[in-house]
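**Q** Below is one structure. I have some questions about it.
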Amino acid sequence: MNKTILSIMAVATLAMHVHAAEFGSPMQDVSTGAPTMHKTHGEAQKTPQAAPESALSKLSVKGSFSYESAFVFRGVKYTESAFQATVEAGYPVCGGDLYVGTWINQPIASGEFNEIDFYVGWMRPLTETLSVDLGYAYYWYPDTQAGVLRSNEMHIGLSYDTTGILGGVNLSPSIIYYYDCTLESHVVEFAISYSFDLSDLVGVAGLSLDPSAYVGWGTIGMPEAEWGPSGWSSGFYYGANLNLCYQLNDYVGFYAGVRWAGSTATNEYTENPQHLWGGVGVNFGL
């Protein structure tokens, strides 16, 4: 059974942080400036020292809440309209960013399964343009078979900043490999995204149009009887998102958009499914 680390939602930070680039993430971190230096009389020849940064000030927290008219993951539709929420904390470790979070999909209609994901990872720049991301996710479906349906997935990914080679345009290409230890499945996904600044065009500061697209291929190794009543075959999945985003300030942003996705994977109910849906949400940081 396919599951989720998706971001559809996006996010903000304690220091607060706003939208941009790593792995198609809906929000980006905005670095704080260095502490202001002060001198007293008679110290003009001394080199001013920066105040030590506290451990707590390095912590970042992001969150989002959204409504989606469907829950579609890797080309497979799991529920109709649902509320989705995420909370993620980050901390700098060994030259990179350690992150931990949870993501929830709560269907509005009764009789549909909800999903709760817990994840942890570490993202680190390898060069000025190339970054690596290592992570683990635990997927839990508490409403299914007394909550016994769950799986464990690991991933490794690379993302690249194309600003220098595309004349200032960053398409944020990324490629990620996932391995689900429970389902014994493999997934490889490639994604790109961009943000068009509409502030000057429409005279509204903080307004942008953010398209993204992805394509992936996955296998299903576990026999379907060990996971659920029906299984999906291996195959390709693909999709695209288009969000109109408005960043109110450094702490709060809003978005509304349309999504489209499909898959060549099939089960006994459908073949080559196509899905079109929409969503609205808010990103925030404290």
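**Q** Roughly how many whole Å is it from the C-alpha centroid of region 148-189 to that of region 103-146?
**A** 13 Å
**Q** Counting only other residues whose beta carbon sits under 12 Å from that of Ala213, what net charge do I get with K and R as +1, D and E as -1?
**A** -1
**Q** Further, regarding this structure: Given the Cα-Cα distance of Glu128 and Ile104 and 0.36 nm per residue of separation, how much length would full extension add, in nm? Show your work: numbers first, answer last.
**A** On the way: separation 24, 0.36 × 24 = 8.64 nm, distance 3.36 nm.
Here the segment from Glu128 to Ile104 would lengthen by 5.3 nm.
No lab work stands behind these numbers, since they all come straight from the coordinates. Note that the structure is a prediction, hence the values are computed from the model and not measured. Ideal geometry is used to build each Cβ from the backbone, glycine not excepted, and the neighbour counts take in all protein chains shown.
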